[in-house]
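What follows is a short report on a single structure.
The values are calculated or read from the model by the stated rules, or taken from the named source; none is laboratory data. Fair warning: this is a prediction, and the values are worked out from it, not measured in the lab. Quick reminder, even Gly has a Cβ in these numbers, built from the backbone with ideal geometry, and neighbours come from all protein chains shown. Accessible surface is based on the protein model in full, side chains and every heavy atom, while ligands, DNA and RNA are left aside. Shrake-Rupley method; radii C 1.70, N 1.55, O 1.52, S 1.80 Å.
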Amino acid sequence: MQHQPQAPLKRRALLFLAGAIFFVSLGFGFFESSFNNFAVTELRLTPRSLGIMESARESPGFLNALLSGATVHLPEPAVAGVCLSLMGVGFAALSRVLRTLGLIFWAVVWSLGFHTWGPVSSTMALRASPPGEEGKTLGWLNSVGSLAGLVGVGGVFLLSGHLALRSLFVIAGGAVLLAAACAARVPLASTTSQARPRLVLRRRYWLYYLLCFLDGWRRQMWYTFALFLLVREYDTSLRIVALLVFLGRLGSILAAPQIGKAIDRFGPRSVMALGYTAIAAIFAGYCFLRLPLLLRACYAVDYI
């Protein structure tokens, strides 16, 4: 039987993990708010070029199961430190990109780190949680990430008039490198591959898999083109983009408990059906509305 970390060691692990989550969310907040204005104003990206870049960027996500298998025998803090270093370097390198090919290369680099960080961070959080308090711990860590994301987006809003657009990617990369330093220092006991989560496929879950596929498809279309549309076609400034993302993130935080209560009262199927109906109406708004104010409202509601 493996020796379980004592309570002080677990508290130390959670503090370092919370630091990693804070800084990676902070960096992503800077990146998310700045990228579309950078793609349009600095690189003059076309919708076709953006679609190609996003397809390449998502390839590490598609290969996530293989990546998880390749790292299954390595300590999670070491894997987290490496993948966040890749993400931080990828963000910072965007400040030097001049052509689409360079953008695609560094997008794949940071995405490789990002997609590896997701499952590794979840495993680390569960292993560092006190027994019986896993849900409470995950909720607390999620709140830390949400707060950091708001700080990052707010930072873009405040700094956009004082710093060059490319400088914001340096800040984003620096924050994620700090996250890498924190993650690498999380004190977790070594584990074996049998202790790691494994891939489960069951025929009876086919409808859930289909929903995940369709939702991922919809989410990727939104993530790729919604803000790009507002910036390219309607000249939405960096400060307004940051404000929209800030409102969307804040609205998500405030709405989450209410959505949870609705699920408990009406059931997940009814809430999901209503949610997807609303999303379909919002996507119709993207297609047919022409007033910038209404389109911006669509984006903020869509984020929630």
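General remarks:
- Test result for Leu178, open to solvent by 10 Å² or more (accessible area, probe 1.4 Å), farther than 13 Å from Leu26 by Cα and either at pLDDT below 95 or in a helix (DSSP H, G or I) (or both): no
- Residue count, segment 271-304 (criterion: touching a Ser or Thr at 6+ places or on another chain (Cβ under 8 Å) and charged (D, E, K, R)): 1
- Cβ pairs under 7 Å, 6+ apart, first in segment 220-242 and under 19 Å from Ala164 (Cβ atoms), second open to solvent by 60 Å² or more (accessible area, probe 1.4 Å) and part of a helix (DSSP H, G or I): Arg239/Phe157; Ala242/Phe157
- Between Leu67, Leu101, Leu94, the distinction of being of a type outside the set (Asp, Glu), in contact with a helix residue (DSSP H, G or I) (Cβ under 9 Å, 6 or more places away or on another chain) and modelled with pLDDT of 90 or more belongs to Leu94 only.
- Among the residues examined, Ser237 qualifies as surrounded by fewer than 16 Cβ atoms within 10 Å (Cβ to Cβ), under 18 Å from Phe157 (Cβ atoms) and either out of contact with any Cys (no Cβ under 6 Å at 6 or more places or on another chain) or of a type outside the set (Val, Ile, Thr) (or both).
- One residue from Leu84, Leu138 being farther than 17 Å from Leu63 by Cα and open to solvent by less than 60 Å² (accessible area, probe 1.4 Å): Leu84
- Positions within segment 94-120 being farther than 15 Å from Ala179 by Cβ, buried (at least 21 other Cβ atoms within 10 Å of the Cβ) and in contact (Cβ under 8 Å) with a residue 60 or more places away in the chain, in sequence order: Leu94, Leu103
- Here Ala189 meets each of (1) at pLDDT below 90; (2) farther than 15 Å from Glu76 by Cα; (3) surrounded by 11 or more Cβ atoms within 10 Å (Cβ to Cβ) with one exception, condition (2).
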